[in-house]
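Below you'll find the structure, written out as structure tokens, and then a few comments.
Every number here is computed from the coordinates shown, using simple stated rules; none is lab data. What you see is a predicted model, and the numbers here were worked out from it, not measured in a lab. We place every Cβ from the backbone using ideal geometry, glycine too, and count neighbours over all the protein chains shown.
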Amino acid sequence: MSSELPNPDTTPTAENPPFQPALAAAPRPRTISRAGVLVIVIALVVGAVAGGAFASVTGLRLLPGPAARVVAPSTQEAATTTADAAVKDAIRRANDAQVQAFIARDATAMRPSSTAQHYDELVRINDDLRRGGVTSIQLVSLRFGDVTVNGTTAQATTFETWRSTLADGTTDESTDRNDYRLVLQNGVWLIDGDAQPESASRGSGGTPPGSRPLPQGSGVRDTSSNWSGYAATGGTFTAVSGTWIVPQPSATTSGVDATWVGIGGMTSNDLIQAGTQAMVTGRGGVQYEAWVELLPRASQPVPLTVGPGDTVTVSITQQSDGRWLVAMNNDTTGRTYSTTVTYASSNSSAEWVEEAPSSGRRVIPLDDFGTLRFTKGATVKDGTTVSVREAGARAITMIDRSGRTLAVPSALGADGASFTVTRV
């Protein structure tokens, strides 16, 4: 809107005759008479004099208000905003692609949004979820934290809530912090890695669900991406037991370790298991708990307090009515817990395992648990109680996706029932 007052030319001419009343005259801009202009001029002069007088008396000056200043964003700021938006869009596309790949059972949907290395990891994760009884995954919410772009690399933090639907209709929902690494290739941002340093949310039961060993071959696997220990197959297994000392992981490396015995899971989708876990939080603290899990349901914490250095004994035994008795003893404190559950098992294997658990869509990083010692390992195979060795159990070494060893079991002791698992 103009700040100038209208001052139309009122000189009569042929084109602009003197004012004549008209019935349908159009409204004209409001004008100010010469007398009005004179009054305004006098008011301005008086104001200026008054202002000078005010300054003389008070020593203060009346200054005009500052004019509004509009600053256009710099080229660098605009570029940073554009890059941040592109990184966020790449993460959204990658998450959408993983869901679509899971639904369609077609992993190639994830290729355009990931590097070759991260693509292989996503394929493994989706396969592991499906084998664990998950029928669908859904991103419930996504919140962005810091985004840092440095040339052709970027880092971004998100807080994501994912919901997994299991084969029995139950759901497992977890919220995790995700630290993404991205690279710019041919003008497109691709996900190169996704770490969950805290993995604080544990699903409906509060504990990371266990999982079957990820495939590294066929039959009884000698290597796994998440298990290390011993497993026996080739018979009908109706009980398993073992004793271990709860490890004390280094608080400098975030991650989780879970120690357990179980029935099933090596060559089947069912697994009943019970054990203990230690979780190193992002703040350097370590949380311990005991838990029971019946796949495909999420694990459930149990009211048995455990701590580093405690000796714990766990047994899982099938009863005559087909139900299972799970008994857990803290031999150090004398505390016990037991429960009887109904579960349809294939009875196809028995395990004594140190695991890197999974949460939501990911295998949680394995903490530095040092060396764990199993003793008194036993199982009932084809109706006879036997040791780990007598059951024909084979050692399983945990490796990462590049084949590097993460945790390795020792040879069985002279009693055939004891061994250690060492973090590498």
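A few remarks follow.
- Amide H contacts of Trp189 (H built 1.01 Å from N, in plane; Pro and chain starts excluded): no residue 5 or more places away or on another chain comes under 5 Å.
- With both labels modelled 7 Å from their Cα along Cα-to-Cβ, the Ser320 to Ala195 distance reads 5.5 nm.
- Relative packing of peptides 292-299, 115-122, 171-178 - highest average C-beta neighbours within 10 Å first: 292-299, 171-178, 115-122
- The DSSP beta bridges internal to the range 75-195 are antiparallel in roughly 95% of cases.
- Förster-model FRET efficiency, 41 Å R0, Thr236 and Thr135, C-beta, rounded to 0.05: 0.90
- Theoretical FRET efficiency, 1/(1+(r/R0)^6), r = Cβ-Cβ of Arg181 and Thr305, R0 35 Å, to 0.05: 0.35
- Proportion of all alpha-carbon pairs of the range 223-423 beyond 25 Å (%): 30
- A simple spin-label model places pseudo-atoms 7 Å from Cα toward Cβ; at Ser268 and Thr108 they are separated by 3.6 nm.
- ³J(HN,Hα) computed for each position of the range 409-424 - Karplus, 6.51 cos²θ - 1.76 cosθ + 1.60, integer Hz, glycine/proline x: x, 7, 5, 5, x, 4, 7, x, 10, 10, 6, 10, 10, 10, 6, 9
- With R₀ set to 51 Å, the beta-carbon distance separating Thr342 from Ala116 gives a calculated FRET efficiency near 0.70.
- Approximate spin-label separation Asp382-Arg143, in nm, with each point projected 7 Å along Cα-to-Cβ: 5.7
- Base-10 log of normalised Debye intensity for the range 75-195 (one unit scatterer per alpha-carbon) at q = 0.10, 0.13, 0.21 Å⁻¹: -0.32, -0.52, -1.20
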